[in-house]
Amino acid sequence: METIHAADEVRVVWDGGEPIKDGAVVVGRDRVGAVGTFAEIRERFPDARVRRWPGVLGPALVHEGPLPDAPTPRERVHSVLKRGAVAVLEEYADTVELRAAAGRNDVVVLSRVRPAGIVAGGRADLAVFDEDGACVATVCAGRLVHRRR
């Protein structure tokens, strides 16, 4: 079953391009099915579940520094997810335990930073941020892994 993630604004990339006002991204399993206005997406996917988010929805981030301190590797990885990131740099995922925790959570370990974007057919890695820049929700490989309550 598909899920439509909708927000007041959708950005396909964070730095550049025109935002889509009242935008939406449809996700099926771990892939992006389509991006457009909410009205367009809802018409194309009338049976999809809808999650409406406050703020701006865009591609999930790459966490570029050391993973936050926490008691366990799993909690360190979860701290990254709570910040809207679904990828970390291998130089900071430097233990077997951290890499295993990242793998169990579908967090990508990268050798270098890469541009992030929302692309039809691409992996469904999304993040929503409020007007203060705080992460509202993170979708990693199509799964909602963080939602601010």
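Side notes on the structure shown:
- Between residue 143 and residue 112, full extension at 0.36 nm per residue minus the direct alpha carbon distance yields a gain of 8.8 nm.
- Ranking 87, 103, 133 by Cα position along the charge dipole of the chain, where only Lys, Arg, Asp and Glu carry charges on their C-beta atoms, puts 103 farthest toward the positive end.
- Gain in span if fully extended, residue 37 to residue 74, counting 0.36 nm per residue against the direct Cα distance: 9.7 nm
- Region 12-149: antiparallel DSSP beta bridges as a percent of all, rounded to 5: 75 percent
- Helix-derived mean residue ellipticity, 222 nm - over the chain, DSSP H n ≥ 4, -39500 (n - 2.57), to 500: -4500 deg cm²/dmol
- Ordering 51-62, 121-132 by mean Cβ neighbour count within 10 Å, with the highest value first, yields 51-62, 121-132.
Read-outs: derived from the displayed coordinates by stated rules, not from any lab. Just so you know, these numbers come straight off a predicted model, no measurement behind them. With ideal geometry, Cβ positions are generated from the backbone for all residues, glycine too; neighbour counts draw on all protein chains shown.
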